[in-house]
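In what follows, a single structure is set out as structure tokens and then discussed.
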Amino acid sequence: MASTRKTLLKLDNVTMKFGGVTALNGVNLEVKEGEILALIGPNGAGKTTVFNVITGVYKQTSGIVDFDGISLGNQKRYQVTALGVARTFQNIRLWGDMTALENVITATDVHKKSGLVGALFGFPRARREETENRERAMEILRFIGIDEYSDRLAKNLPYGVQRRLEIARALGTGPKLVLLDEPAAGFNPAEKVELAATIKRVRDAGYTVLLIEHDMSLIMGISDRVVVLDFGTKIADDIPSVVQKDPRVIEAYLGVPADAS
Amino acid sequence: MKIRNYWNLRDFGANLWENASRPKRVAIALISIGFVALLPFMGASFLATPIASYDAVLVYPVGMFVLMSLGLNIVVGKSGMLDLGYVAFFAIGAYTMAILGTTTKLNTWEVMPIGIALSMIAGVLLGIPTLRLRGDYLAIVTLGFGEIVRLVLLNSSWSKGPNGIANVPMPPNIGPLKFELENQKVFFWVVMAMILLTIWMIRRLTVRRPGRAWEAIRQDEDAAELMGVHTLKYKIWSFTLGAAVGGAAGVLYASKNLYIAPEMFTLNVSILILACVVFGGIGNIWGVVIGATILGYLPDRIRFISDARLLVFGLVLVIVMNFRPDGLLPRKKREKAIVKREANA
């Protein structure tokens with residue numbers, strides 16, 4: 001059923017080397033429109049590197065990253081975001097001295113046309129876009145369920161709210177594809193259940209989700225497909241129930257003591 | 001730390017402003033502007049500066065320092081880029097005025113836009129290659145730029161080298177307001193108008209998209225770029241606007257001082273302006289205004305102790321920065337969106 005859907009993101013034989021270290025070794029990956037794809041693997045497997053290659057933080061050594069028919073190889077980071085890829089960060093990187101609402105509004109600016117001159121002289125378009133951004137950002141905060149914190153400084157928010165604000169900020173850029181980098185890190189089981197529901201809602205609202213996560217129960221519960229990386233190589237790519245039983249996956253997680261976390 | 005609560009003028013002022021109705025705000029603004037405009041008439045009071053002319057001190061250093069600090073604050077305070085060569089833009093403005101004023105018939109007001117434009121062009125030309133650098137590296141490159149401009153002025157024939165340029169014309173009179181050397185009140189009002197314009201500009205930009213972009217860049221540039229902020233563009237804008245304010249100050253300075261020479265545009269000026277910004281409260285407009293006023297005014301107020309005045313000046317800096325490391329009026333950290341509620345406005 002998934003194969004009939006359109007491919008949104010395609011990594012074709014992507015290799016990423018840092019000096020002598022090969023972080024990604026010929027990775028092929030397809031994300032279909034409207035699915036939740038989980039990317040898992042032991043620590044150091046190259047999961048975050050995949051995100052960094054997609055969003056233009058690193059330039060891949062070889063291979064092609066194709067997003068919705070456009071090659072992301074030569075795009076600047078902000079252009080990648082404008083094309084419709086947004087991400088969160090493993091270690092929270094909100095703008096701490098801005099309020100939650102401002103964090104999201106700043107993200108919504110990406111698709112707006114008015115610039116500095118318009119803002120300075122208060123051109124109608126600039127004023128209209130400010131209002132639109134504000135309403136849109138508030139809508140997103142409500143959608144994620146953290147609108148009560150809108151006027152609080154991001155750095156003063158509880159940890160769980162900060163994590164969710166990261167998702168809200170990513171949605172603020174109006175993406176087609178959302179990359180979530182360990183959104184449940186540090187969450188207790190109750191919070192994880194809540195987050196799983198949130199991620200499902202994000203998908204049902206029309207976003208495609210690529211998710212890095214360690215928590216197996218979370219992944220098995222929500223993802224349509226699971227891709228497993230180990231030492232920069234893809235070792236499995238299937239529906240959760242199959243991946244769970246794959247001997248190579250079990251070996252990658254349990255059979256290599258040096259990688260145990 | 002308790003002392004801070006009593007000292008929290010910033011929140012006191014901000015509350016006063018936010019709780020005021022529109023007519024009340026207009027009244028507060030008009031009274032403040034009126035008070036500042038009357039400052040030149042208070043020369044007989046305790047404010048008087050011994051030896052130096054009080055009027056003149058209000059224009060330079062005080063007024064000029066405030067103007068330049070506000071310009072530098074856009075770069076250093078708003079977008080977090082350390083610029084140690086700010087004097088270069090001041091020099092470009094001043095030399096534009098001096099050269100055009102002595103060789104053509106253009107008056108100060110006609111040179112003003114040219115001076116601002118040239119400073120902005122210099123800002124863009126310097127910005128495009130260097131703003132990819134961050135932190136200390138950017139500071140060193142800008143420091144170099146400031147010195148390059150000064151050395152070029154010192155060694156070129158068109159700038160008359162170390163002799164400098166004399167007989168720069170004064171601005172033409174504005175109606176009944178006459179520009180005179182002995183009585184610099186009109187100069188002060190012109191500087192004040194330029195300061196108000198700069199404050200208006202910064203406030204406008206801060207509550208809208210550019211302000212948010214700068215704020216995001218200052219706090220986490222990588223995150224900003226990954227959230228779609230065109231960081232290089234907004235950094236160049238910030239640099240260019242700072243340059244424009246510096247250039248405008250330079251044009252007025254040349255036509256007030258009537259004589260300029262390269263030795264007026266040394267690294268010291270850049271550092272002093274930066275000190276004004278940091279002393280007053282980096283990133284906060286009112287802090288910067290107060291900081292620059294004090295640092296501009298103090299050395300002339302205590303001129304009677306002659307040689308010891310720089311020592312006292314340095315001591316004041318050290319003591320104040322010890323007690324208030326974030327400056328006199330630090331950046332606003334209150335829990336309230338600074339985004340203008342356009343719907344109500």
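Candidate cross-link partners of A:K47 among the lysines, defined by an alpha-carbon separation under 17 Å and a same-chain spacing of 8 or more, comprise A:K10, A:K17, A:K59, A:K234.
Checking the a/c ratio against 1.5 first, then a/b against b/c, what shape does the Cα gyration tensor give for the stretch B:53-182? It comes out prolate by the Cα gyration axes. List the lysines whose Cα lies under 17 Å from the Cα of A:K200, skipping any in the same chain that are fewer than 8 positions away. Filter leaves A:K32, A:K176, A:K192. Working from label points 7 Å from Cα in the Cα-to-Cβ sense, the A:T15 to B:D220 distance is 3.3 nm.
Based on the alpha-carbon gyration tensor of chain B and its eigenvalue square roots a ≥ b ≥ c, which shape applies: rounded if a/c is under 1.5, prolate if not and a/b is larger than b/c, or oblate? Rounded, since a/c falls under 1.5. Rounded to the nearest 10 Å², what accessible area does B:W189 show when all protein chains are kept and the probe is 1.4 Å? Accessible surface of B:W189 is approximately 70 Å². Once Lys and Arg get +1 and Asp and Glu get -1 on their Cβ, which of B:L153, B:T142, B:A223 lies farthest toward the positive end of the dipole of the stretch B:55-266? Value: B:A223.
Computed from label points 7 Å out along Cα-Cβ, the spacing between A:E148 and B:S156 is 6.4 nm.
The slack in the chain from B:A117 to B:L133, taken as 0.36 nm per residue of separation less the alpha-carbon distance, amounts to 3.3 nm.
What you get for the stretch A:93-172, charging only the Cβ of Lys and Arg (+1) and of Asp and Glu (-1), is a dipole of about 180 debye around the Cα centre.
Taken residue by residue and averaged, Cβ atoms of other chains lying within 10 Å of the Cβ of A:87-99 number 4.
The calculated 222 nm mean residue ellipticity attributable to helices in chain B amounts to -21000 deg cm²/dmol, summing -39500 (n - 2.57) over DSSP H runs of n ≥ 4 and dividing by all residues. Extension gain, B:V312-B:L258: 0.36 nm per intervening residue step, less the Cα-Cα distance, totals 16.4 nm. Assuming charge only on the beta carbon of Lys and Arg (+1) and of Asp and Glu (-1), the dipole of the protein assembly as shown about its Cα centre is about 1400 debye to the nearest 20.
Measuring r between the beta carbons of B:I148 and B:N19 and using R0 = 45 Å, the FRET efficiency lands at 0.35. Distances longer than 15 Å among the Cα atoms of the stretch A:93-172: what percent of all pairs is that? When every Cα pair of the stretch A:93-172 is considered, 52 percent fall beyond 15 Å. Rolling a 1.4 Å probe over the protein heavy atoms leaves A:H111 with an accessible area of roughly 90 Å². With r defined as the distance between the Cβ atoms of B:F12 and A:D246 and R0 fixed at 45 Å, what FRET efficiency is calculated, to the nearest 0.05? So the FRET efficiency works out to roughly 0.10. For the protein assembly as shown, with all protein chains in place and a probe radius of 1.4 Å, 61% of the accessible heavy-atom surface sits on carbon or sulfur. Note on B:R132: accessible area is roughly 150 Å² with a 1.4 Å probe, heavy atoms of protein only. The mean sequence separation of alpha-carbon pairs under 8 Å and at least six residues apart, normalised by the residue count of the stretch A:1-134, gives a relative contact order of 19 percent.
Scattering from chain A was approximated by placing one identical point on each alpha carbon and applying the Debye formula without solvent; log10 I(q)/I(0) at 0.10, 0.17, 0.18 1/Å stands at -0.51, -1.37, -1.49.
Residues in the protein assembly as shown average 43 Å² of solvent-accessible surface per residue, probe 1.4 Å, ligands and nucleic acids excluded.
Only helices reaching 18 angstrom along their own axis (Cα) with mean Kyte-Doolittle hydropathy no lower than -0.5 count here, and for the DSSP H runs of chain B these are B:22-38, B:87-103, B:108-130, B:135-155, B:185-206, B:231-257, B:267-280, B:285-301, B:309-323. Calculate the length of the line joining the C-alpha centroid of the stretch A:173-251 to that of the stretch A:23-99, in whole Å. Computed from Cα coordinates, the inter-centre distance equals 15 Å.
With each label modelled as a point 7 angstrom along the Cα→C-beta vector, the B:A27-A:E194 pair spans 4.7 nm. Taking Cα centre as origin and charging only the Cβ of basic (Lys, Arg, +1) and acidic (Asp, Glu, -1) residues, the dipole magnitude of the stretch B:55-266 rounds to 500 debye. The A-B contact accounts for roughly 3700 square angstrom of buried accessible surface, both chains included, probe 1.4 angstrom. Can you list the residues in the stretch A:116-145 whose accessible area drops by at least 40 Å² when all protein chains are present, compared with the chain alone? Use a 1.4 Å probe, heavy atoms only. Residues of the stretch A:116-145 that lose at least 40 Å² of accessible area once the other chains are added: A:L116, A:A119, A:L120, A:R127, A:E130, A:R134. Listed by chain and number, the lysines placed with their C-alpha closer than 27 angstrom to that of B:K160 are B:K105, B:K256; residues fewer than eight positions away on the same chain are left out.
Sorted from longest to shortest, the spans of the Cα atoms of the protein assembly as shown along the three principal axes equal 91, 54, 47 Å. Largest accessible area first, the residues B:L38, A:L157, B:L82 order themselves as B:L38, B:L82, A:L157 under a 1.4 Å probe with ligands, DNA and RNA left out. A viscosity of 1.567 mPa s and a temperature of 4 °C, combined with the Kirkwood radius over C-alpha pairs in the Stokes-Einstein formula, give the stretch B:238-293 a diffusion coefficient of 104 µm²/s.
The values are calculated or read from the model by the stated rules, or taken from the named source; none is laboratory data. In this text, all values refer to a predicted model and were calculated from it rather than measured experimentally. Here the Cβ is made from the backbone with ideal geometry for all residues, glycine too, and neighbour counts use every protein chain on show. Surface accessibility is based on the protein's heavy atoms, side chains included, excluding ligands, DNA and RNA. Shrake-Rupley method; radii C 1.70, N 1.55, O 1.52, S 1.80 Å.
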